[in-house]
1. Between segment B:422-477 and segment B:12-27, how far is it from one alpha carbon centroid to the other, in angstrom?
2. Ignoring everything but the protein chains, give the 1.4 Å probe accessible area of residue B:387 in square angstrom, nearest 10.
3. I'd like the carbon and sulfur percentage of the solvent accessible area for chain B, probe radius 1.4 Å, heavy atoms only, ligands and nucleic acids excluded.
4. Grab the Cα-Cα distance for residue B:45 and residue B:348, subtract it from 0.36 nm times how many residues apart they are, and report the gain in nm with one decimal.
5. I'm checking a number: the convex hull volume of the Cα atoms of segment B:206-297, normalised per residue, in Å³. What is it?
6. Tell me which of B:76, B:464, B:154 sits at the most positive position along the dipole axis of chain B, charges placed on C-beta atoms (Lys, Arg +1; Asp, Glu -1).
7. Please give every one of the lysines within straight-line cross-link reach of residue C:202, meaning a C-alpha to C-alpha distance under 16 Å, and leave out same-chain neighbours fewer than 8 residues apart.
8. Calculate the FRET efficiency for residue B:457 and residue B:23 from the Cβ-Cβ distance with a Förster distance of 60 Å, rounded to the nearest 0.05.
Amino acid sequence: MDIDHDTLVGFAKSWGLFYFIAFSICVVIYAFWPSNRKRFDDAKRNILDGDDRPWQ
Amino acid sequence: MVQQLTTGDRQNTLVILLFVFVVGVAMAAVGRFDPLGVHGVIVMLFGGSLAALVMRSYYEREPTQDRLSHYYDDPIKAGVALTLAWAIFGMFMGVWTAAQLAWPDLAFDAGWSTFGRLRPTHTTGVIFGFGGNALIATSFHVVQRTSRARLAGQVSPWFVLLGFNLFCILAVTGYFMGVTQSKEYAEAEWYADLWLVVVWVTYFVLFLRTLARRKEPHIYVANWYYMAFIVVVAILHIVNNLALPISLGQAKSYTIWAGVQDSMVQWWYGHNAVAFFLTAGFLAMLYYYLPVRAQRPIFSYRLSILSFWGITFFYMWAGSHHLHYTALPHWVQNLGMTFSVMLLVPSWASAGNALLTLNGAWHRVRDDATLRFIFVAAVFYGLSTFEGSFMAIRPVNALSHYTDWTVGHVHAGALGWVAFITFGSLYTLVPSLWKRERMYSPALVEVHFWLAVAGTLIYVFSMWNSGILQGLMWRTYTQEGTLAYSFLDSLVAMYPYYIARAFGGLLFLLGAIVAAYNIWMTVRAVPVAAGGQADVPDSGLAPNTVATPAE
Amino acid sequence: MAELFHRKLERTAIGFVIAIIAAASVGGIVEIAPLFTINETVEEAPDLRLYTPLELAGRNIYIREGCYACHSQMIRTLRDEVERYGPYSLAVESKYDRPMLWGSKRTGPDLARVGGKYSDFWHVAHLTNPRDVVPESNMPAYRWLARTGLETEDLGRHLQAQRALGVPYTNAMITNAAADAFGQAAPDSPFAAGVTERYGEKTQVSAFDGVATQLTEMDALVAYLQVLGQLTDAAYSNTAAPEQAPDPTN
């Protein structure tokens, strides 16, 4: 099969969309995975420590 | 700056600077009949004077081993100073060019002072000079604090910061001489672009190695945004600037992209420079300095993750909305429009996240001008992303494109969002970085805030008016079915708005000068915070809140 | 699963970088990759001629002075634009444009078809001081162009670089670049004939700034302005109504 303009456009229009859907599902799973809750909570609070030295 | 370097570091620095100097000599020699030669001399002077600076302190005492138990703040301090210097330069050029549109004879009878050459000095000065230095400085600050690790290098942070500034100097001096690729926001010629690649790869490696040193298990979300900014800007910069110089001794080059391909590549770059330079990097500032200043954790960390991936994914598609109704294939225009509208979701998620973080602390927003800077930035971020999605819709774009509305939109983002978040971050950063009790004058922060708000509003409203008026005049028909206005009619109608815009810009420039003075005096005159409390780990309070309760 | 994967990506920050690239590059690839095959869909324009060395030099002055910051060269498929500026721009018309100069702002009018609309003399007067000709204009004055000699020595190198990128300049064009630049602005000189011979009968040979003996930057810029929209007639033979022009199903 020749790779011409229409093939590329067709590919872009279909697989681009599937890729996007798969990608967003992964991101949502990651963000709402129950065991991640603690990490995220720690992360958002830890930056408020007034620490001014690197941890050794 | 040399005190923190060991003898080995100092030697390495001298070798690098010698190399820069030699490259400068070579450029000056092969380009002696060309602007390239002038740039060679600039590179020589840059490398030579820095080398002299290092030589002068070469035999000073070496740092003790415990330097590694401190954060590396010297490059950040220099970065703050450079940010302010570029802010004043870039904004001054903006006011000058704005005034030229109202009073065209405000130029000398020489090429360097005409609008066409000055405009890129303004855009490069503010985007790369002001914005870029602010991003580099704050990224060094944030990545160390959130990773609890010192920067992974002693010389490389300086190389990144000063190398980037050399790029900016080459770019801006080139525009005065007429050296330009004409690619918007990527005007610098091939040799400056090559140099930026070297600097940027170093930046990338430095950032990655610092993250690898982290003691926190999780990478804080602000670093994600900085990382996306560094990685994607590298891709954009390289692809957009692929070019063939006409000879190694000349500045002129021809881009490998032609015609319609070039249009897509340019606006793929142009729009994503907005996305990953002017949005992702500054969202990183928002996600760190907002919680720190407000002393409240971010409203929803999950939301920040979702919007991160949303922005990273969607933005790349949006560039073609700059090319509606042009010779670009129709389906590409439609893709650009669709994704631009979808972009509103992650953008508003970020803006909403920021505002909800402040919910419950409105009294602090009222009392603390610094926090108000950050608050206004979040509001303008929400407004201008909405406006952007709206303008990307084809029929709206038919009216808005080519008019001042675009300019107004850009400045709603650049002044209202980028500059406000930067100044809010700087006012948070400076006292803690120099370990001062507080800013020199909270009143001047307040003055700056109101100058900046007034300047932004005047600017944006005059450009909205002029842009929409212009767009409507171009497409108004008489009853007989002929065009009602000549182009000249529309130009004449613009003059009052051009004057108002220059005035708004002037107010904003004055605000930046006030900020520079205030920060300078903070470093010079405000006593060091008492008791070294800033140095004690886990005191439970951020130093700046202890130091500046009322500001 | 996805969570474990992401945690791994995060711990080794390099994996995280790859994820960013994967997310971000798709949009660009999907939109730009098909444009590499754009030549299959771009209109045919057999009569498309190349920029002469003088016009190319003028184009480079146009770029150097940042004219594109205020003047677009892209007439959109909208009725008012077509009536104001002429037939809407086709992709093929900027086929050899490196970089393209479609522009993004019209502080001044579109220039895609300004060629032939005004006399050379008008352009020279206008560039010397726009307010002499159009009192309301806010365009800068470009007086020094007329007193700055044009650099012609390296024009061959310019053409050679263009050819390396795919513009079909011939050997004769490259060797004669400097002479052709002079000849195009000196109609009575022996060099003039070579220009039309190499670039076609339609090439405008004229003493652009009014002085045929000396080649200035003004000559080059006016030559370029006069060729805008004149490289091919393709846009005039396309008669589709502007709003319907692009295939809406595509």
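1. Their Cα centres are 40 Å away from one another.
2. Spelled out: residue B:387, probe radius 1.4 Å, area about 20 Å².
3. C and S fraction of accessible area: 72 percent.
4. Taking residue B:45 through residue B:348 to full extension adds about 104.4 nm, to one decimal.
5. 131
6. Most positive-ward Cα: B:154.
7. C:117
8. Details: r = 46 Å, r/R0 = 0.77.
In this case the efficiency is close to 0.80.
The values are calculated or read from the model by the stated rules, or taken from the named source; none is laboratory data. Computed from a predicted structure; not experimentally measured. All Cβ positions, glycine included, derive from the backbone under ideal geometry; neighbour counts span all protein chains shown. Quick note on the areas: whole protein, heavy atoms, side chains included, nothing else; ligands and nucleic acids left out. Shrake-Rupley method; radii C 1.70, N 1.55, O 1.52, S 1.80 Å.
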